[in-house]
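Student: Below you'll find the structure I mean.
The values are calculated or read from the model by the stated rules, or taken from the named source; none is laboratory data. Nothing here was measured: the structure is a model prediction, and the numbers come from that model. Glycine gets a Cβ as well: all are built from the backbone with ideal geometry, and neighbour counts include every protein chain shown.
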Number of protein chains: 2
Amino acid sequence: MTNERREKIELVLGKRQNDITVVLENVFDPHNISAVMRSCDAVGVQEIYVLTTKIPRHKKWGERSSSSAAKWLTIHQFDNTEACFFQLRKKYTSVLTTHLSTDAISLYDLDLSRTVALVFGNEHEGVSNEIRALADGNFIIPQVGMIRSLNISVACAVSLYEAFRQKQAAGHYAGQKLGAEEYQMLSNQWGITNEKEK
Amino acid sequence: MTNERREKIELVLGKRQNDITVVLENVFDPHNISAVMRSCDAVGVQEIYVLTTKIPRHKKWGERSSSSAAKWLTIHQFDNTEACFFQLRKKYTSVLTTHLSTDAISLYDLDLSRTVALVFGNEHEGVSNEIRALADGNFIIPQVGMIRSLNISVACAVSLYEAFRQKQAAGHYAGQKLGAEEYQMLSNQWGITNEKEK
């Protein structure tokens, strides 16, 4: 591993966030999942929850090559909603869904500098009633056009970048946020310690 | 046309913006163009410039069905850069490119409540040097991940929604912005007057 590579990894790990995640509920298009993962990586979201209760469990995330965002994320897969929420609730005090309902508030009225899990639903049916009942609130991305549906990868990117903007303003990218243990584990996974041991 | 439909069209036209546009330079993937158009429609960007100097002119935008964003946008096609910029400069005082260069400023440091054209480049080569030389500045979407490239449709959506956020805060969606002539022309195109005449 070159010094440049090591420095890049340390820079990236130094900006990974431990208080925001994305949950994908029965999202089935691999291109959408892949695009969501790229957005997560881009804004420093380290972990993602992939819940499949109505579709088959996803088998692969590309080939986990260096150019695949999946290689740089911690991916939790569940096919049971309760188990998924049990894990989620250990780390995230607020779980928010994106569902086109009248009781939704605007993305831009959320405080995304707080601990939060953002849930995006299936391409056709959106977030299920079951998940909405378990969540703490619901938000929408405002739209003023003739066509009222954004692709899920676009919706997720817009949401994550609004979180990025708020978190950056709140200083969340100014210093390491991962705990020492998680930092070390990821650092090992990404090849830094292995290289040192050679 | 139902009253509901007419009201929706009037609501949408009442929020269309006359001071922001998107320029696509040699973007070739129809899915990307289609996704960009949906984002434009969603935030009220009425017109889009499609410049093709190195790839064939695009022939179709879906079938311009009601569910296609292209039906609700004013699309200007050019295969000559000078002609494109001549038209652009008539309406937009600032033209900004998105190119991964060191002199770029962050999207979040832009004032997007002012008159602006945002240029996105070809999927592989980005914005050309020719266009960068003609533009007034260059911005980047900040990224802190291992993979440093966002899909153009994601980059465009994130940029347009930051513009939306700023413009909304500045009151740009509070009242009609289109000039009376353009409003009437679009209203006709979208079927309102035709229906009245029956």
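Conditions (1) surrounded by fewer than 20 Cβ atoms within 10 Å (Cβ to Cβ); (2) among the small types (Gly, Ala, Ser); (3) under 22 Å from B:ILE141 (Cβ atoms), marked per residue:
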| site | (1), (2), (3) |
| --- | --- |
| A:GLY126 | no, yes, no |
| A:ASN129 | yes, no, no |
| A:LEU134 | yes, no, no |
| A:ILE147 | yes, no, no |
| A:ILE152 | no, no, yes |
| A:SER159 | no, yes, yes |
| A:PHE164 | no, no, yes |
| A:MET185 | yes, no, no |
| A:ILE192 | yes, no, no |
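Student: Can you say whether B:ILE75 is within 14 Å of another protein chain (Cβ to nearest Cβ) and either touching a Ser or Thr at 6+ places or on another chain (Cβ under 8 Å) or of a type in the set (Val, Ile, Thr) (or both), as far as the supplied structure shows? If you could, list the steps in order and put the result at the bottom.
Tutor: Working: within 14 Å of another protein chain (Cβ to nearest Cβ): no; either touching a Ser or Thr at 6+ places or on another chain (Cβ under 8 Å) or of a type in the set (Val, Ile, Thr) (or both): yes.
Answer is no for this residue.
Student: If B:LYS59 meets every condition in (1) surrounded by fewer than 18 Cβ atoms within 10 Å (Cβ to Cβ); (2) of a type outside the set (Val, Ile, Thr); (3) under 12 Å from B:GLU25 (Cα atoms) apart from one, which number is that one?
Tutor: Going through the list (1) surrounded by fewer than 18 Cβ atoms within 10 Å (Cβ to Cβ); (2) of a type outside the set (Val, Ile, Thr); (3) under 12 Å from B:GLU25 (Cα atoms), B:LYS59 breaks only (3).
Student: Another question about this same structure. Could you say whether any residue in region A:86-101 is surrounded by fewer than 21 Cβ atoms within 10 Å (Cβ to Cβ), in contact with a Lys or Arg (Cβ under 7 Å, 6 or more places away or on another chain) and at pLDDT 95 or above?
Tutor: Yes: region A:86-101 contains one or more residues that are surrounded by fewer than 21 Cβ atoms within 10 Å (Cβ to Cβ), in contact with a Lys or Arg (Cβ under 7 Å, 6 or more places away or on another chain) and at pLDDT 95 or above.
Student: Does region A:96-111 contain any residue that is β-branched (Val, Ile, Thr), under 15 Å from the mean Cα position of the chain (by Cα) and on the phi < 0 side of the Ramachandran plot?
Tutor: The answer is yes, given that some residue of region A:96-111 is β-branched (Val, Ile, Thr), under 15 Å from the mean Cα position of the chain (by Cα) and on the phi < 0 side of the Ramachandran plot.
Student: Name the residues in region B:1-35 that are at the interface with chain A (Cβ under 10 Å from one of its Cβ atoms) and either assigned to a loop (DSSP other than H, G, I, E, B) or touching a strand residue (DSSP E or B) at 6+ places or on another chain (Cβ under 8 Å) (or both), would you?
Tutor: B:GLY14, B:LYS15, B:ARG16, B:GLN17, B:SER34
Student: While we're looking at this one, here's another question. In this structure, is A:PHE139 away from chain B (no Cβ under 13 Å) and either among the hydrophobic types (A, V, I, L, M, F, W, C) or touching a His at 6+ places or on another chain (Cβ under 8 Å) (or both)?
Tutor: yes
Student: Of (1) within 22 Å of A:ASN138 (Cβ to Cβ); (2) buried (at least 20 other Cβ atoms within 10 Å of the Cβ), A:SER106 satisfies all except one. Which?
Tutor: So A:SER106 meets the others, but not (2).
Student: Ok, one more. Can you name the residue in region B:21-41 that is without any contact (Cβ under 8 Å) to a residue 60 or more places away in the chain and more than 9 Å from the chain's Cα centre (by Cα) and, of all such residues, is nearest to B:GLN168 (Cα to Cα)?
Tutor: Filtering first and then ranking leaves B:ARG38.
Student: Tell me yes or no: at least one residue of region B:40-50 is farther than 16 Å from B:LEU134 by Cα, out of contact with any helix residue (DSSP H, G or I) (no Cβ under 6 Å at 6 or more places or on another chain), modelled with pLDDT under 95 and more than 11 Å from chain A (Cβ to nearest Cβ).
Tutor: The answer is no, given that none of the residues of region B:40-50 is farther than 16 Å from B:LEU134 by Cα, out of contact with any helix residue (DSSP H, G or I) (no Cβ under 6 Å at 6 or more places or on another chain), modelled with pLDDT under 95 and more than 11 Å from chain A (Cβ to nearest Cβ).
Student: Let me spell it out: the conditions are (1) surrounded by 23 or more Cβ atoms within 10 Å (Cβ to Cβ); (2) in contact with a helix residue (DSSP H, G or I) (Cβ under 6 Å, 6 or more places away or on another chain), and A:MET1 meets all of them except one. Which number is the exception?
Tutor: Condition (1) is where A:MET1 drops out.
Student: Pull up region B:142-183, narrow it to residues that are at the interface with chain A (Cβ under 7 Å from one of its Cβ atoms) and of a type in the set (Val, Ile, Thr), then point me to the one that is nearest to B:ARG16 (Cα to Cα).
Tutor: Result: B:VAL158.
Student: Could you identify the single residue in B:TYR161, B:TYR183 that is in contact with a helix residue (DSSP H, G or I) (Cβ under 8 Å, 6 or more places away or on another chain), within 23 Å of B:ASP111 (Cβ to Cβ) and either touching a residue at least 24 places away in the same chain (Cβ under 8 Å) or not β-branched (Val, Ile, Thr) (or both)?
Tutor: B:TYR161
Student: Does any residue in region B:103-118 that is away from every other protein chain (no Cβ under 14 Å) come within less than 6 Å, Cβ to Cβ, of a residue that is assigned to a loop (DSSP other than H, G, I, E, B) six or more places away or on a different chain, and which pairs are these?
Tutor: As it stands, the answer is B:SER113/B:ALA170; B:THR115/B:ASP19; B:THR115/B:TYR92; B:THR115/B:THR93; B:ALA117/B:TYR92, since those pairs meet every condition given.
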